[in-house]
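The next block holds one structure in the form of structure tokens; read it before the comments.
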Amino acid sequence: MAAGDLELVKLTKRYGGTTAVEAIDLRVPAGTYCCFLGPSGCGKSSTMRMIAGHEIASEGDIILGAQNITDLAPAQRGTAMMFQSYALFPHLTVLDNVAFSLKMKGISKEERYKKARALMDLVDLGRFETRMPAQLSGGQQQRVALARALVTDPGILLLDEPLSALDPFLRLRVRTELKRLQRELGISFLHVTHGQDEAMALADLVVIMKDGRIEQAGSPQDVFHRPATGFVARFMGGHNVLHLDGRPVSVRADRVRIGEGGEDARSLSGEVRGVEYGGATVTLVVHAADAGEITAVIPEEQFYAGPAELGETRSVHWSRRDEYVLQAA
Amino acid sequence: MAATNRTGIVPYLQAAPLALVFLLFLVVPLAFIVVVSFWTYDNYQIQPAFTVQNYADVFDRCIARLPTLCTTFRTYVSTLGFALRVWVLTLLIGFAIAYFLAFEVRSKAIQSVLFLICTIPFWTSNVIRMISWIPLLGREGLVNRTLMGLGVVDQPVEWLLYSGFSVTLTFVHLFTFFMVVPIYNSMLRIDRSLIEAARDAGASGWQILWNVVVPLSKTGIAIGSIFVLTIVMGDFVTVGLMGGQQIASVGKTIQTEISYLQFPIAAANAVVLLATVLLIVFALLRVVDIRKEL
């Protein structure tokens, strides 16, 4: 299967009068774990479904490797999709589910079962061959869906909110598993999610979308350190988005400290509106008159060296180097 | 509270009304039929007795004369033949209609409207819908006049009416909807993402139909088949009216015997027919586990 870079060129999707995806450009190098991140309705799922071939692009092109796949049938693109609800065939055994696409290609029973078993070993499903999907737990179903998608040797695996149906504990384990698989297979994974922690933990490339446009695309570090817009800063969390010197600015909450700062620091004071103990850190909310609410995440021992009480007026400060100017929204 | 009630008498009381209806209107009459099938009769009366003579009469010399078919066997072959033909046709047409409604029509509102339109023929009686075919198919009917007008035939086509053809046609016309409803119902429950997943796996339209839609519509197909097969097996009105009273069917045999007041042998025939239909239903249920989805 021709694995290669995935490129989206002015890709657009319209449903009647509304535009779900508006002329987005993106390049995903081969072998990348890419997360599409954004609130619901931001166009991330539509983008993925266009790449998969389950939605027809209204305009623009999708290029995979050397091939323009915009108008190809789903199975001819070298992509495979794992559905949010897994979409396992309820009338087929686990083995037949995994071997389904090989059966459609007319591959002999012996050969397709051999291939399917190899994939099932990869995701540790060997024991469940003869079970029906309804007899499996959520995590097991997820692995069946994964094996079924991978059996076609796709160049890109598309995962539509693959962890949303799992409980929090399982979510962490499966997350690690997905990353391991992506490394082992060396193909690109395109993962749609609305959880920023998921994206941060997994992605080589994070694509943050809002209202059908890409707000920012970059490594998790890039996106977290230097959010391009107030939306990104707020969505990623852990940032204060403030209006200082007549322009929008972001300051990471964990860079804010209590007390007056020195020469190169900016100090503001205000009423303490919230103190929240969080184990290793304490979260402090100060209401500064002009700038608005400022959240500070302070290591526990530093906080208790000079604790703040609700209703007190305290000052907080941060280094001016930690201020990042945002694009005006 | 609900948990404690479950073991008490309440659930039985709740089920009692329906059980009573079944007992009164199904079990008791059936029991009467079985009992009467062992009674004797002459020209004037039926008498309580216990004789298997009626059953012997039903199968009079049937085994001995094989391979030549006796009247009873010939009637069954004819009736089963109708049942099979009607079943295949209603299944094909019904499945296609259900598929169209469930998968091709996107809007839920239009789906419901089209479905309701399908029920309009049921606003008139079966018999009216049956005999409305007669002016169409008769010797001087619309079809023959058109064919002759077009010069396709010189003589009126005789087999259009009062033939196996007209009987089959009328059955299909009357009962296809009994196939549509349960199949449509099964199809509505098929998760649309399964179709997408199949397409993602490279399945063609026919492959999706055969590997995903048909297996998941099996329950509906089985229920529809039971409706159609049981109705056709027991029918005597359609075969009588549309067959010009010339075509034999098990139902008609029983009707004739009743009109001669030969109740015991009619009852014996009914029991044999019931057994045949039950065999067919059991065979169907062996292939498809209906309870799984009810």
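The values are calculated or read from the model by the stated rules, or taken from the named source; none is laboratory data. Being a predicted model, the structure only gives us computed values, none of them experimental. No Cβ is skipped: glycine too gets one built from the backbone with ideal geometry, and neighbour counts run over all protein chains shown.
So here's what we get for this one:
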item: Among residues of the range B:1-33, those that are modelled with pLDDT of 95 or more and touching a helix residue (DSSP H, G or I) at 6+ places or on another chain (Cβ under 7 Å), counted; result: 0
item: The range A:292-313 residues that are under 17 Å from A:D254 (Cα atoms), paired with ones that are part of a helix (DSSP H, G or I) (beta carbon under 7 Å, 6 or more apart); result: A:T295/A:A253; A:A296/A:A253; A:V297/A:A253; A:V297/A:D254
item: Contacts under 7 angstrom Cβ, first residue in the range A:162-175 being free of Cβ contacts under 8 Å to residues at least 60 places away in the same chain, partner part of a loop (DSSP other than H, G, I, E, B), 6 or more apart; result: A:R171/A:L163; A:V174/A:L163; A:V174/A:L166; A:R175/A:L163
item: Only one of B:F178, B:F171, B:F165 that is in contact with a Gly (Cβ under 8 Å, 6 or more places away or on another chain) and either more than 14 Å from chain A (Cβ to nearest Cβ) or assigned to a loop (DSSP other than H, G, I, E, B) (or both); result: B:F178
item: The listed residue being touching a Gly at 6+ places or on another chain (Cβ under 7 Å) and within 14 Å of chain B (Cβ to nearest Cβ), out of A:A116, A:A165; result: A:A165
item: Some residue of the range A:217-237 being closer than 28 Å to A:T193 by Cα, hydroxyl-bearing (S, T, Y) and in a loop (DSSP other than H, G, I, E, B); result: yes
item: Of all residues in the range A:57-74 being surrounded by 17 or more Cβ atoms within 10 Å (Cβ to Cβ) and in a strand (DSSP E or B), the one that is farthest from the other protein chains (Cβ to nearest Cβ); result: A:G60
item: All positions within the range A:1-19 that are of a type outside the set (D, E, K, R) and over 24 Å from A:A149 (Cβ atoms); result: A:V9, A:T12, A:Y15, A:G16, A:G17, A:T18, A:T19
item: Residues that are under 20 Å from A:D153 (Cα atoms), assigned to a helix (DSSP H, G or I) and either at pLDDT 95 or above or more than 7 Å from chain A (Cβ to nearest Cβ) (or both), drawn from the range B:195-207; result: B:A198
item: Counted residues, the range A:267-322 - those being among the hydrophobic types (A, V, I, L, M, F, W, C) and not in a strand (DSSP E or B); result: 7
item: Any pair with Cβ under 9 angstrom, 6 or more apart, that starts in the range B:115-135 at a residue that is under 24 Å from B:S163 (Cβ atoms) and ends at one that is among the basic types (K, R); result: B:P121/B:R129
item: Subset of the range A:299-324 [surrounded by 13 or more Cβ atoms within 10 Å (Cβ to Cβ) and under 22 Å from A:V223 (Cα atoms)]; result: A:W318, A:S319, A:R320, A:D322, A:E323, A:Y324
item: Residue in the range A:95-110 that is more than 10 Å from every other protein chain (Cβ to nearest Cβ), surrounded by fewer than 19 Cβ atoms within 10 Å (Cβ to Cβ), modelled with pLDDT under 95 and in a helix (DSSP H, G or I) present; result: yes
item: Failed criterion for A:R77 (all others in (1) in contact with a Pro (Cβ under 9 Å, 6 or more places away or on another chain); (2) more than 12 Å from chain B (Cβ to nearest Cβ) hold); result: (2)
item: Selection within the range B:185-194 - more than 7 Å from chain A (Cβ to nearest Cβ) and among the polar types (S, T, N, Q); result: B:N185, B:S186
item: 2 or more residues closer than 30 Å to B:S193 by Cα and out of contact with any helix residue (DSSP H, G or I) (no Cβ under 6 Å at 6 or more places or on another chain): qualifying helices (runs of 4 or more DSSP H) within the range B:210-288; result: B:214-234, B:263-287
item: A:F89 within 13 Å of chain B (Cβ to nearest Cβ), touching a residue at least 12 places away in the same chain (Cβ under 8 Å) and more than 21 Å from the chain's Cα centre (by Cα); result: yes
item: Test set (1) more than 30 Å from A:F235 (Cα to Cα); (2) aliphatic (A, V, I, L, M); (3) within 14 Å of chain B (Cβ to nearest Cβ) - A:I51 fails condition number; result: (1)
item: Conditions (1) within 14 Å of chain A (Cβ to nearest Cβ); (2) buried (at least 17 other Cβ atoms within 10 Å of the Cβ); number of the one not met by B:I247; result: (1)
item: Search result, residues across the range B:181-194 that are part of a helix (DSSP H, G or I), more than 18 Å from the chain's Cα centre (by Cα) and not basic (K, R); result: B:N185, B:S186, B:M187, B:L188, B:S193, B:L194
item: Test result for A:M81, crowded, with 19+ Cβ neighbours inside 10 Å, part of a strand (DSSP E or B) and within 18 Å of the chain's Cα centre (by Cα); result: yes
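Here is a yes/no grid of residues against (1) crowded, with 21+ Cβ neighbours inside 10 Å; (2) closer than 30 Å to A:I51 by Cβ; (3) over 22 Å from the mean Cα position of the chain (by Cα):
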residue	(1), (2), (3)
B:R139	no, no, yes
B:L147	no, no, yes
B:P156	no, no, yes
B:W159	no, no, yes
B:M179	yes, no, no
B:E196	no, yes, yes
B:R199	yes, yes, yes
